Amino acid sequence: MKKSFNPASVRRPFGNYNHGLLVPPGAALLVTSGQLGIGLDDAVPSDVTAQAELCFEAIKAILEEAEMCFADVIRISGFVTRREDFPAYMAVRDRYTLDPKPVSTLLVIGGFTRPEFLVEVEVTAAKIL
């Protein structure tokens, strides 16, 4: 079983995540590439919520193909292009994350390869065998 770490000597997490997670030996590890908010039809929604949902649905499909789920996610890295999109991204992220909450990083960046992209998400998952 994964063990979470939130030491009393460190400020509590700002949101629904843990400061550290320990994965026991023998776990299967899955690392994803960053997923963008783009559909199978190449359509890119204009708002960050819809793009984030596409990112997390893509990650869900990758997890399922690896016989994993969001409970196996140990790390999420999110990237948004606008600081004001932080709450909308977090609301989507929080709908998908399960306990124990993964560790999490969110960066506000200058942009992606195409200007219509507003968010990108990558995860690391570990499944106890």
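The values are calculated or read from the model by the stated rules, or taken from the named source; none is laboratory data. Model, not experiment: these values are computed from the prediction. Here the Cβ positions follow ideal geometry from the backbone for every residue, glycine too, while neighbour counts run over all protein chains shown. We work out accessible area using only protein heavy atoms, side chains counted, and drop any ligands, DNA or RNA first. Shrake-Rupley method; radii C 1.70, N 1.55, O 1.52, S 1.80 Å.
Please report the carbon-and-sulfur percent of the accessible area for the chain; probe 1.4 Å, protein heavy atoms only, DNA, RNA and ligands left out.
Summing carbon and sulfur atoms, their accessible area is 57 percent of the total for the chain.
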By how many degrees, between 0 and 90 and to the nearest 10, does the Cα long axis of helix 86-96 differ from the longest principal axis of the chain?
-> 50 degrees
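Would you work out the charge dipole size for the chain about its Cα centre, treating the Cβ of every Lys and Arg as +1 and the Cβ of every Asp and Glu as -1, and quote it to the nearest 20 debye? Walk me through the numbers on the way to the answer.
Numbers: 13 positive and 16 negative charges, 171 e Å.
Around 820 debye, computed over the chain.
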Choose one answer from I109, I59, I74: the residue with the largest mean-square fluctuation in a GNM of the chain with alpha-carbon springs under 10 Å.
-> I109
Fully extended contour minus Cα-Cα distance, from F14 to F112, at 0.36 nm per residue | 32.7 nm
Degrees separating the helix 48-65 axis from the principal Cα axis of the chain, which is the longest one = 50 degrees
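Take Y96, Y89 and sort them by solvent-accessible surface of the protein heavy atoms, 1.4 Å probe, largest at the top.
Numbers: Y96 35, Y89 0 Å².
The ordering from most to least exposed comes out as Y96, Y89.
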How compact and how long is the chain, expressed as Rg and Dmax of its alpha-carbon atoms in Å?
-> 14.8, 48
Rounded, prolate or oblate (a/c below 1.5 giving rounded, otherwise prolate when a/b exceeds b/c) for segment 40-111 by Cα gyration tensor | oblate
Ignoring everything but the protein chains, give the 1.4 Å probe accessible area of D41 in square angstrom, nearest 10.
-> 120 Å²
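Using only the Cα atoms of segment 22-74, build the gyration tensor, take square roots of its eigenvalues as a ≥ b ≥ c, and label the shape rounded, prolate or oblate: rounded if a/c is under 1.5, else prolate if a/b is larger than b/c, else oblate.
Working: a/c = 3.27, a/b = 2.47, b/c = 1.32.
Prolate is the answer for segment 22-74, as a/c is 1.5 or above and a/b outweighs b/c.
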Mind jotting down the distance between the C-alpha centroids of segment 104-129 and segment 3-48, whole Å?
-> 9 Å
Which whole-number percent is the relative contact order of the chain (Cα, under 8 Å, 6+ apart)?
-> 38 percent
Residue-averaged 222 nm ellipticity for the chain, from DSSP H runs of 4+ at -39500 (n - 2.57), nearest 500 = -7500 deg cm²/dmol
